[in-house]
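K.L.:
The structure is given below, and queries will be raised subsequently.
The values are calculated or read from the model by the stated rules, or taken from the named source; none is laboratory data. If you're wondering where the values come from, they're calculated on a predicted model, not measured in any experiment. We place every Cβ from the backbone using ideal geometry, glycine too, and count neighbours over all the protein chains shown.
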Amino acid sequence: MLRTKINIVISAIGVVLGISAFICFCIVYANVEAGMWALLSGIHSGLVLMLHCHYLKESLHANFSRKALQYIGDFGIVGFVSGAALTLFYLFLEIYYKANILPIQTSIIIRLVWSFIMMKWGLMVYITSKKYQRTYNDEQLFSESPNIEET
């Protein structure tokens with residue numbers, strides 16, 4: 001229970017940082033790419049926050065089926081893979097061009113950091129959805145499909 005509460009706090013911090021970095025980088029510094037990766041990391045951390053909150057309130061099974069958790073996990077994998085590809089791409093650009101962090105408008109390092117954070121939260125979405133998928137038992141698996149006719 002304490003671990004879930006700690007995960008909720010960490011995820012809430014991730015949401016706040018992702019949204020505030022999106023606003024900061026897109027509006028103030030005009031580094032749209034870094035802002036987009038920050039927003040996507042905020043969305044992924046918001047999904048983790050939502051899953052933890054539903055689990056803590058014991059309403060996870062009422063609101064999400066196994067299939068819904070699988071789709072959320074798939075979205076996390078997409079975030080992880082795209083974040084990993086972007087991280088490698090920005091790492092290559094940083095090594096090749098040896099760019100500084102300033103000016104922030106064209107900073108590759110900031111894009112690298114936020115693509116890495118997006119990769120991290122994508123992996124966390126996947127791990128969390130798989131963790132909560134395992135909480136379903138076999139009776140719930142068979143009662144999920146209401147379209148099956150009894151013979």
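K.L.:
For region 51-62, check the following and say yes or no: at least one residue is under 12 Å from the mean Cα position of the chain (by Cα), within 12 Å of S129 (Cα to Cα) and either aromatic (F, W, Y) or surrounded by 13 or more Cβ atoms within 10 Å (Cβ to Cβ) (or both).
P.N.:
As a first pass, look at region 51-62 and keep what is under 12 Å from the mean Cα position of the chain (by Cα): 51.
Next, only the ones that are within 12 Å of S129 (Cα to Cα) stay: 51.
Of the ones still in play, those that are also either aromatic (F, W, Y) or surrounded by 13 or more Cβ atoms within 10 Å (Cβ to Cβ) (or both) are 51.
Scanning region 51-62 turns up at least one residue that is under 12 Å from the mean Cα position of the chain (by Cα), within 12 Å of S129 (Cα to Cα) and either aromatic (F, W, Y) or surrounded by 13 or more Cβ atoms within 10 Å (Cβ to Cβ) (or both).
K.L.:
Please find, within region 80-98, the residue that is nearest to T128 (Cα to Cα) out of those that are surrounded by 13 or more Cβ atoms within 10 Å (Cβ to Cβ) and hydroxyl-bearing (S, T, Y).
P.N.:
Going residue by residue through region 80-98, those that are surrounded by 13 or more Cβ atoms within 10 Å (Cβ to Cβ) are 80-84, 86-91, 93-94.
Next, from what is left, pick out any that are hydroxyl-bearing (S, T, Y): 82, 87, 90.
On the way: S82: 18, T87: 22, Y90: 27 Å.
Residue satisfying both the conditions and the ranking: S82.
K.L.:
Turning to a different aspect of this structure: Within region 100-112, is even one residue closer than 20 Å to N7 by Cβ and either part of a helix (DSSP H, G or I) or among the aliphatic types (A, V, I, L, M) (or both)? Let's see the steps before the verdict.
P.N.:
Residues of region 100-112 that are closer than 20 Å to N7 by Cβ, as a first pass: none.
No: zero hits.
K.L.:
Ok, one more. What number of residues in region 40-62 are outside any helix (DSSP H, G or I) and of a type outside the set (D, E)?
P.N.:
Qualifying residue count for the region: 2.
K.L.:
In the set I77, I110, I101, which member is buried (at least 20 other Cβ atoms within 10 Å of the Cβ) and among the β-branched types (V, I, T)? Show your work before the answer.
P.N.:
Working: I77 fails: buried (at least 20 other Cβ atoms within 10 Å of the Cβ); I101 fails: buried (at least 20 other Cβ atoms within 10 Å of the Cβ).
Answer to the selection: I110.
K.L.:
Go through region 23-39 and count every residue that is touching a Ser or Thr at 6+ places or on another chain (Cβ under 9 Å) and either in a helix (DSSP H, G or I) or closer than 20 Å to V81 by Cα (or both). Working first, answer last.
P.N.:
First, pick out the residues of region 23-39 that are touching a Ser or Thr at 6+ places or on another chain (Cβ under 9 Å): 29, 31, 33-34, 37-38.
Applying the additional criterion that residues be either in a helix (DSSP H, G or I) or closer than 20 Å to V81 by Cα (or both) yields 33-34, 37-38.
The qualifying residues number 4.
K.L.:
Exactly one condition in (1) modelled with pLDDT under 95; (2) closer than 26 Å to V16 by Cα; (3) of a type in the set (S, T, Y) is false for Y97; which is it?
P.N.:
(2)
K.L.:
Also, quick follow-up: Taking region 63-74 as the search range and keeping residues that are of a type outside the set (K, R) and part of a helix (DSSP H, G or I), which one is surrounded by the fewest Cβ atoms within 10 Å (Cβ to Cβ)? Outline the logic, then answer.
P.N.:
To start, the set of residues in region 63-74 that are of a type outside the set (K, R) comprises 63-65, 68-74.
Adding the requirement that they be part of a helix (DSSP H, G or I) leaves 63, 68-74.
Working: N63: 11, A68: 13, L69: 22, Q70: 14, Y71: 13, I72: 21, G73: 21, D74: 13.
Among those residues, the one meeting the criterion is N63.
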